[in-house]
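The values are calculated or read from the model by the stated rules, or taken from the named source; none is laboratory data. Bear in mind the structure is a predicted one, so any value in this text is a computation, not a measurement. Note that we place each Cβ from the backbone using ideal geometry, even for glycine, and neighbour counts take in every protein chain shown. Please note that ligands, DNA and RNA were not included when accessible areas were found on the heavy atoms of the full protein model with its side chains. Shrake-Rupley method; radii C 1.70, N 1.55, O 1.52, S 1.80 Å.
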Amino acid sequence: MGVGIELGSITDEVGSDAFLYAFFSTITGNLEPAGWGTRFPIIMHTLYGGTLPQKDGAGALAEIRIIRNELAHLPPDRVIWSLENRTLQPPWSSNIATDINNLADYFVTAHGRDLIMLLIEVLEELAGGGEAFARIVSY
């Protein structure tokens, strides 16, 4: 099953639901030692929960920028494909592109876009009042 992020009438494809879950697992497993959503509640609970209202856009934007900065200091081998089963590996194993140097640039969407930069663009638009909410959608 595929997932995307929807803002108004535009949906950007992210990839599989396992890929998106790996992104969130990597965040919490590396950056939230006290558990899921303890440092980044808006991103980890509200956005991952499905719908992020415009009133939370600025807070989510601040959180994703911190996440990007902190993931930039972690090597790609710290990726977590499943928080519950840390022995699971990505389908490509450790065979990644040579331009992936850290976890901030590890997650690339189905169309070749940097996932964190895509989220930043969506959250900037949302925080600016461009739309009422952003959603994670399945298709």
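Assorted remarks:
- With respect to (1) exposed (fewer than 15 other Cβ atoms within 10 Å of the Cβ); (2) within 30 Å of GLY8 (Cα to Cα); (3) touching a residue at least 40 places away in the same chain (Cβ under 8 Å), the lone exception for PHE133 is condition (1).
- Contact map, the stretch 77-100: residues that are modelled with pLDDT of 90 or more paired with residues that are surrounded by fewer than 10 Cβ atoms within 10 Å (Cβ to Cβ), Cβ distance under 8 Å, separation 6+ or inter-chain. Pairs shown: ASP77/SER94.
- Subset tally (residues that are touching a residue at least 60 places away in the same chain (Cβ under 8 Å) and either open to solvent by 50 Å² or more (accessible area, probe 1.4 Å) or touching a helix residue (DSSP H, G or I) at 6+ places or on another chain (Cβ under 9 Å) (or both)) for the stretch 101-121: 9
- Odd one out for MET1 among (1) under 13 Å from the mean Cα position of the chain (by Cα); (2) open to solvent by 40 Å² or more (accessible area, probe 1.4 Å); (3) in contact (Cβ under 8 Å) with a residue 60 or more places away in the chain: (1)
- Every residue from the stretch 56-83 that is open to solvent by less than 70 Å² (accessible area, probe 1.4 Å), over 14 Å from LEU119 (Cα atoms) and not β-branched (Val, Ile, Thr): GLU70, LEU71, ALA72, LEU74, PRO75, PRO76, TRP81, SER82, LEU83
- Residue within the stretch 44-55 that is touching a Lys or Arg at 6+ places or on another chain (Cβ under 7 Å), loosely packed, with under 15 Cβ neighbours inside 10 Å and within 21 Å of THR109 (Cβ to Cβ) present: yes
- Residue list for the stretch 122-135, filter: in contact with a helix residue (DSSP H, G or I) (Cβ under 7 Å, 6 or more places away or on another chain) and not in a loop (DSSP other than H, G, I, E, B): LEU123, GLU124, LEU126, ALA127, PHE133, ALA134
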